[in-house]
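Asks: Below is a structure I'd like to ask you about.
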Amino acid sequence: MANYKPDLSCQNKFIPINFAEQILPGTFEYALCYIVENKLDLSGFDAWYNNEKSGAAAYPLAVMLKIILLGYAHGFISSRRIAKACETNILFMSVSGDIQPHYTTIAGFVAKMHEQIEPLFTQVLLICDEEGLIGRNMFAIDGCKLKSNASKEWSGTFDELGRKKAKLARASQRIIERHQCQDNLSEELITQDLKQKEKLDKSIEKIAEFLATHQEKTGSKGKPVKSNITDPDSAKMTTSKGTIQGYNGIAINDDKHQIILQAQVWGSVGEQQTLQPAVTQLKQQLNKLRSPHGATDNTIKFTADSGFNSEANLAFMAQSGFDTYIADNQFRKRNPL
């Protein structure tokens, strides 16, 4: 019978670590650290800090960017997961220099610094262009549904939310009427009912405040569409796995090395409505990049699936200068194969 050494992969071990040796050349982590530390202009972030003479020291901007981008690259979109990785994962500890920001610090950095972070995307594209990674032969646009941290139960048109508010108000009133009719209820039932009534009243106030402070959204045809009280920018979307409350993530990439040149998330907007603003932003990005010899818009192919097909989009792309190919909504009916 064979005799193998024991597998100790599940065991803990105390060993000295040199963080610099964990970032190996040729890896994504090495490229990330090099670009953030040596190529990106982070001076736009300095305006947020005025703590030279008073206040606690802030986390280095380069470190925050590196751990957030590294987390996204590994599929960690939650600030809690990124913060946990900085405490337990050697790779994250090495990239951050063993700085362990709290998850609220990470979430606040992403939420408050979005205007400063967005220009960095163009700086990264300039670096990719210098390395010859952007071919400009063909661009493709597509989207995917992203789930948001919001409940579908709090979605509805203003009319539907108004009816829900009235229904909750009737349920709250029934609790009072039951107490008035039944004086012999036990203290336990009374306490339970009062807690339920308090919960209903808070929901009523939440809906009333939303209806008073927001305007109703309308779709492309001018009809009211559902809004979400918890996350007003998100929308109900149908996916292959059912209906979710979330966003439609749209991206345009180059065919040479799959470099993404434009990316944005959309809430209560149909996929067809995202094509025109996405292409407009793509052209703005291309104008910032160097123009290689012989490359013009009318020689660049642009492809999209049938989800982007509409008469307005066809007319827009005909004037865009791109050699555009958009799948027809009815092509499957005409050609069963």
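The values are calculated or read from the model by the stated rules, or taken from the named source; none is laboratory data. A quick note: this is a predicted structure, and the numbers were derived from the prediction, not measured. Cβ: placed from backbone, ideal geometry, glycine included. Neighbour counts: every protein chain shown. Keep in mind that these areas ignore ligands, DNA and RNA; they rest on the heavy atoms of the full protein, side chains included. Shrake-Rupley method; radii C 1.70, N 1.55, O 1.52, S 1.80 Å.
Asks: In the structure shown, do any of Lys167/Lys206; Lys199/Lys226; Lys165/Lys223; Lys145/Lys283 have a Cα-Cα gap over 18 Å, and if so which?
Replies: Result: Lys199/Lys226; Lys165/Lys223; Lys145/Lys283 exceed 18 Å.
Asks: Positive end of the dipole of the chain, charges at C-beta (+1 Lys, Arg; -1 Asp, Glu), about the Cα centre: which of Ser155, Tyr30, Ile326 has its Cα farthest in that direction?
Replies: Highest projection toward the positive end goes to Ser155.
Asks: Provide the percentage of antiparallel DSSP beta bridges, counting only those with both residues in the chain; round to the nearest 5. Let's see the in-between values first.
Replies: Details: 23 of 30 bridges.
The antiparallel fraction comes to roughly 75 percent.
Asks: Projecting each Cα onto the charge dipole of the chain (Lys/Arg +1, Asp/Glu -1 at the beta carbon, about the Cα centre), which of Ala312, Pro119, Leu70 comes out farthest on the positive side?
Replies: The listed residue farthest towards the positive side: Ala312.
Asks: Shifting gears a bit: Given the peptides 37-50, 190-203, arrange them by the average over their residues of other C-beta atoms within 10 Å, most packed first.
Replies: 190-203, 37-50
Asks: Okay, next question. Specify which residue in the list Val95, Met237, Gly249 is farthest towards the positive end of the charge dipole of the chain, using unit charges on the beta carbon of Lys, Arg (+1) and Asp, Glu (-1), about the Cα centre.
Replies: Result: Met237, furthest along the dipole toward the positive end.
Asks: Would you mind calculating the gained length between Tyr4 and Lys152 on full extension (0.36 nm times residue separation, minus the Cα-Cα distance), in nm to one decimal?
Replies: Between Tyr4 and Lys152, full extension yields an extra 47.9 nm.
Asks: Kindly provide log₁₀ I(q)/I(0) values, in the same order as q = 0.09, 0.16, 0.21 Å⁻¹, from the Debye equation applied to equal alpha-carbon scatterers of the stretch 121-251.
Replies: Cα-only, vacuum Debye calculation for the stretch 121-251: -0.48, -0.93, -1.16.
Asks: Evaluate the charge dipole of the stretch 74-210 about its Cα centre and quote only its size in Debye, nearest 20, assuming +1 on the Cβ of each Lys and Arg and -1 on the Cβ of each Asp and Glu.
Replies: 600 debye
Asks: Would you mind computing, in nm to one decimal, how far apart the modelled labels at Glu115 and Lys199 are, each placed 7 Å from Cα along Cα→Cβ?
Replies: In this crude label model, Glu115 to Lys199 measures out at 4.1 nm.
Asks: Given 20 °C and 1.002 mPa s, compute D for the chain with the Stokes-Einstein relation, Rh being the Kirkwood radius over Cα pairs; round to the nearest whole µm²/s.
Replies: Using the Kirkwood radius from Cα pairs, D works out to 86 µm²/s.
Asks: How much of Cys181 can a 1.4 Å solvent probe reach, expressed as accessible area in Å² and rounded to 10?
Replies: Probe radius 1.4 Å; accessible area of Cys181 about 110 Å².
Asks: Shifting gears a bit: Put a dot 7 Å past each Cα toward the Cβ at Ala73 and Gln192; how far apart are the dots in nm?
Replies: Result for the modelled spin labels: 5.5 nm.
Asks: Further, regarding this structure: So if I place +1 on the C-beta of Lys and Arg and -1 on the C-beta of Asp and Glu, and nothing else carries charge, what would the dipole magnitude of the stretch 216-277 be about its Cα centre? I want it in debye, nearest 20.
Replies: Details: 7 positive and 6 negative charges, 60 e Å.
Its charge dipole is roughly 280 debye.
Asks: Turning to a different aspect of this structure: In debye, nearest 20: dipole of the chain around its Cα centre with unit charges on the Cβ of K, R (+) and D, E (-)?
Replies: Roughly 1100 debye, rounded to the nearest 20.
Asks: What distance in nm lies between label points placed 7 Å from Cα along the C-beta direction at Tyr49 and Glu87?
Replies: 2.4 nm
Asks: Please work out how much length the chain gains when fully extended from Ala20 to Arg178, using 0.36 nm per residue of separation minus the C-alpha to C-alpha distance, in nm with one decimal. Intermediate results must be reported in sequence, preceding the final value.
Replies: Details: separation 158, 0.36 × 158 = 56.88 nm, distance 6.94 nm.
Extra length from Ala20 to Arg178 when fully extended: 49.9 nm.
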